[in-house]
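We did not get these values from a lab; they are worked out from the coordinates using the rules stated. Computed from a prediction, not measured in an experiment: that's the story for all the values here. Here the Cβ positions follow ideal geometry from the backbone for every residue, glycine too, while neighbour counts run over all protein chains shown.
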Amino acid sequence: MLTKLHTAITTCRACPRLVTYREEIARQKRRAYAADPYWGRPIPGFGDPNGWLLIVGLAPGAHGANRTGRVFTGDRSGDFLYSALHRAGLASQAESTGVDDGLELRGVYILTALRCAPPGNLPAPDELARCVPFLDREISLVRARVVLALGKIAWDSVLGHASRVFGAVPRPRPKFAHGARVDLGEGPRGLRMVGSFHVSQQNTFTGRLTAAMFDRVLATCRAVAAPPPRA
């Protein structure tokens, strides 16, 4: 089922602005990657669909995933994320340079709310809305108990998913914050969501998000995933 969904994602041309931008980037390229073939298409999720943790990001990087064809691969955001996952025992290696680099994820699956690289890294509301069926379907096909939302757009996207799946979200509507937590739904289908600042260069280079902060968020995710102790 995931294979079929991934085919549908990678062949999508629903958003004219995004199609134009992603393909223009793939033609022009960045000088450092002038010899590289660019993917230039939408990006499906990647990782362990039977894992306990789902990470939801914003969108593919123009010269990262849009170049390599794999989410958070080939740019500084991915360097930060996969290094942290490796420290946490969730990734087989600390670097992710391309789809053939041997990286394997253990217990974690990663996707983005928007599947194409947007100009200025700013998706329009209608573009996010067109990606909602992909988001809902992919979340339904993985078995994660905990969702780590990277940034407010990812946080709001997961809340939207919960509203559609569970019929409601907690009131007042949970606000995004680094380290924020919220339970969505009940029973075996329920999810526990944790928020984190996005792993973008803007955040990691300025110190708004440090490696230690992100390690603590991953530890929080692991803690809330654990079943409560027996009385």
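Here is how the numbers come out for the structure above:
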{"item": "Top-ranked residue in the range 166-175 [being closer than 14 Å to Arg192 by Cα and either surrounded by fewer than 18 Cβ atoms within 10 Å (Cβ to Cβ) or among the aliphatic types (A, V, I, L, M) (or both); ranked as farthest from the chain's Cα centre (by Cα)]", "result": "Pro170"}
{"item": "Filter result for the condition that a residue is surrounded by fewer than 24 Cβ atoms within 10 Å (Cβ to Cβ) and within 22 Å of Val146 (Cα to Cα), over Arg87, Arg115", "result": "Arg87"}
{"item": "Qualifying residue in the range 108-129 (condition: over 14 Å from Pro60 (Cα atoms) and in contact with an Asp or Glu (Cβ under 8 Å, 6 or more places away or on another chain))", "result": "yes"}
{"item": "Helices (runs of 4 or more DSSP H) fully within the range 1-73 counting 2 or more residues that are crowded, with 21+ Cβ neighbours inside 10 Å", "result": "16-28, 65-68"}
{"item": "Residue list for the range 192-209, restricted to those being in contact (Cβ under 8 Å) with a residue 60 or more places away in the chain and under 15 Å from Val56 (Cα atoms)", "result": "His198, Val199, Ser200"}
{"item": "Total residues in the range 1-46, condition of a type in the set (Val, Ile, Thr), in contact (Cβ under 8 Å) with a residue 40 or more places away in the chain and under 28 Å from Ala144 (Cα atoms)", "result": "2"}
{"item": "Asn121, sole failed condition from (1) in contact (Cβ under 8 Å) with a residue 40 or more places away in the chain; (2) in contact with a Phe, Trp or Tyr (Cβ under 8 Å, 6 or more places away or on another chain); (3) surrounded by fewer than 21 Cβ atoms within 10 Å (Cβ to Cβ)", "result": "(2)"}
{"item": "Residues (hydroxyl-bearing (Ser, Thr, Tyr) and crowded, with 19+ Cβ neighbours inside 10 Å) located in the range 192-215", "result": "Ser196, Ser200, Thr204"}
{"item": "Output for the range 116-173, where each listed residue is at positive phi and in contact with a His (Cβ under 8 Å, 6 or more places away or on another chain)", "result": "Gly151"}
{"item": "Test set (1) touching a strand residue (DSSP E or B) at 6+ places or on another chain (Cβ under 6 Å); (2) under 21 Å from His86 (Cβ atoms); (3) outside any helix (DSSP H, G or I) - Val217 fails condition number", "result": "(3)"}
{"item": "Residue tally, condition without any contact (Cβ under 8 Å) to a residue 60 or more places away in the chain and part of a loop (DSSP other than H, G, I, E, B), over the range 76-113", "result": "17"}
